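The values are calculated or read from the model by the stated rules, or taken from the named source; none is laboratory data. Computed from a prediction, not measured in an experiment: that's the story for all the values here. Glycine also receives a Cβ, built like all others from the backbone with ideal geometry; neighbour counts cover every protein chain displayed.
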Amino acid sequence: MEMNKDIKILAIESSCDETAASVVKNGREVLSNVISSQIALHTLYGGVVPEIASRKHIEKINQVIEEALKEANTTLEDIDAIGVTYGPGLVGALLVGVAEAKAISYATNKPLVGVHHIEGHVSANYIENKELEPPFLCLIVSGGHTHLVLVKEYGEYEIIGRTRDDAAGEAFDKVARAIGLGYPGGPKIDKVSKEGNKHAIEFPRANIDDAPYDFSFSGVKSAVLNHINSCKMKEEEIQVADVAASFQNAVVDVLVTRTIKAAKEFGMHKVCIAGGVASNSALRQAMKEACTKEEISLFYPSPIFCTDNAAMIGAAAYYEYKKGTRHGLDLNAVPNLKIGQR
């Protein structure tokens, strides 16, 4: 194989409630990025309903892939490999993408590369930051995950911190629901917080004694619920914008301080943020200020690459492909796949 040949990967992502396909060239150049979101559908239920998500993926997946190939002006013959998320995520949703990818791989006789969803989020940073290369520290904040990860090399990760209970995005969703903002919680809290005073209420920041880089968000979530109940009992009006801003401030404060502390301890001069919550404007701003102060370079993807998408899976699949990772037709969905696990 010529070393300088362009590698095109068709990537598929279906781990939760987005059906997505993308064609990515050489791990960094996105030729197409098609996302069919189910948010409107799940909003009716106040959160993602796994069974509905799986059925929607089945309905959408073929047309999303066709659209991605068309937009990239590419045929299946031009593709070098098929990358697909095989975990973590909702098992039914993952299975749709995995089955599709296996079918295409079998029919075209092209290699199959299974990708870890979270490693995909980390790799989203490569798309727009062409100069970014490991090693760096990455804070991954999404609905299901809050991790601090040392990215030592492409595809080589060491987790140094993780959440002990709720993920940051999950806490956002639960608090949003409690203060009547509804689903999806993250963007709604971000928006309403701009009108509130972030110092109106001092919500707690949890420290875990034996694990300085671990997170815990169930305490701050409970504190918000207690505040709401106490307002109701005293028949005081709940200041939604102040509660949202104060809660967001507590979460952002913990995320930023832990990340900076870890970067300094591990001698990392580059920090990335990834995952759905990485598009939160308060988190971006606070992280920017902290990194500038410590002379650390900060990278983050555009919002479209923060939420679930297949372009990030294509970026991760490229580096796995180059390392020689190949999966057989026995590849299965692994809903609780650990990072770095193969």
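Based on this model, can you work out whether residue 208 counts as within 14 Å of residue 252 (Cα to Cα) and not assigned by TED's automatic domain parsing to the domain that holds residue 316?
Working: within 14 Å of residue 252 (Cα to Cα): no; not assigned by TED's automatic domain parsing to the domain that holds residue 316: yes.
In short, no.
Among 253, 209, which is of a type in the set (Asp, Glu) and not in a loop (DSSP other than H, G, I, E, B)?
Of the residues listed, the single one that is of a type in the set (Asp, Glu) and not in a loop (DSSP other than H, G, I, E, B) is 253.
Only residues that are part of a helix (DSSP H, G or I), of a type outside the set (A, V, I, L, M, F, W, C) and within 22 Å of residue 184 (Cα to Cα): list them for region 256-286, please. Talk me through it step by step, then tell me what you get.
To start, the set of residues in region 256-286 that are part of a helix (DSSP H, G or I) comprises 256-265, 276-279, 281-286.
Narrowing the set further to residues that are of a type outside the set (A, V, I, L, M, F, W, C) leaves 257-259, 261, 264-265, 276, 279, 281, 284-285.
Of everything in region 256-286, those that are part of a helix (DSSP H, G or I), of a type outside the set (A, V, I, L, M, F, W, C) and within 22 Å of residue 184 (Cα to Cα) turn out to be 276, 279, 281, 284, 285.
Give the residues of region 153-175 that are of a type in the set (Lys, Arg) and part of a strand (DSSP E or B), sorted by residue number. Full working, then the answer.
If we filter region 153-175 for residues that are of a type in the set (Lys, Arg), which is where we start, we get 162, 164, 174.
Matches in region 153-175: 162 only.
Can we say residue 241 is more than 29 Å from residue 296 (Cβ to Cβ) and part of a helix (DSSP H, G or I)?
The answer is yes for residue 241.
Could you say whether any residue in region 41-48 is aliphatic (A, V, I, L, M) and within 30 Å of residue 4 (Cα to Cα)?
Taking every residue of region 41-48 in turn, none turns out to be aliphatic (A, V, I, L, M) and within 30 Å of residue 4 (Cα to Cα).
Look at region 169-185 and say how many of its residues are under 17 Å from residue 242 (Cα atoms) and in contact with a Gly (Cβ under 6 Å, 6 or more places away or on another chain). Write out each step before concluding.
Of region 169-185, the ones under 17 Å from residue 242 (Cα atoms) are 171-182, 185.
With in contact with a Gly (Cβ under 6 Å, 6 or more places away or on another chain) added as a condition, the list becomes 172-173, 176.
Residues that pass the stated criteria total 3.
Identify, from the list 139, 95, 69, 76, the residue that is touching a residue at least 24 places away in the same chain (Cβ under 8 Å) and within 15 Å of the chain's Cα centre (by Cα).
Working: 95 fails: within 15 Å of the chain's Cα centre (by Cα); 69 fails: within 15 Å of the chain's Cα centre (by Cα); 76 fails: within 15 Å of the chain's Cα centre (by Cα).
Exactly one of 139, 95, 69, 76 is touching a residue at least 24 places away in the same chain (Cβ under 8 Å) and within 15 Å of the chain's Cα centre (by Cα), namely 139.
Within region 18-133, considering only strands (runs of 3 or more DSSP E) that don't extend past its boundaries, which have at least 3 residues that are of a type in the set (Val, Ile, Thr) and surrounded by 21 or more Cβ atoms within 10 Å (Cβ to Cβ)?
Numbers: elements: 18-25, 29-37, 81-87, 112-116.
Answer list for region 18-133: 18-25, 81-87.
Test each condition in (1) closer than 27 Å to residue 122 by Cβ; (2) part of a helix (DSSP H, G or I); (3) among the hydroxyl-bearing types (Ser, Thr, Tyr) for residue 222 and report the one that comes out false.
For residue 222, the failing item is (1).
Conditions (1) assigned by TED's automatic domain parsing to the domain that holds residue 170; (2) surrounded by fewer than 20 Cβ atoms within 10 Å (Cβ to Cβ); (3) out of contact with any Lys or Arg (no Cβ under 9 Å at 6 or more places or on another chain); (4) modelled with pLDDT of 95 or more, marked per residue:
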| site | (1), (2), (3), (4) |
| --- | --- |
| 192 | yes, yes, yes, yes |
| 197 | yes, yes, yes, yes |
| 204 | yes, yes, yes, no |
| 238 | yes, yes, no, no |
| 244 | yes, no, no, yes |
| 249 | yes, no, no, yes |
| 267 | yes, yes, yes, yes |
| 270 | yes, no, yes, yes |
| 274 | yes, no, yes, yes |
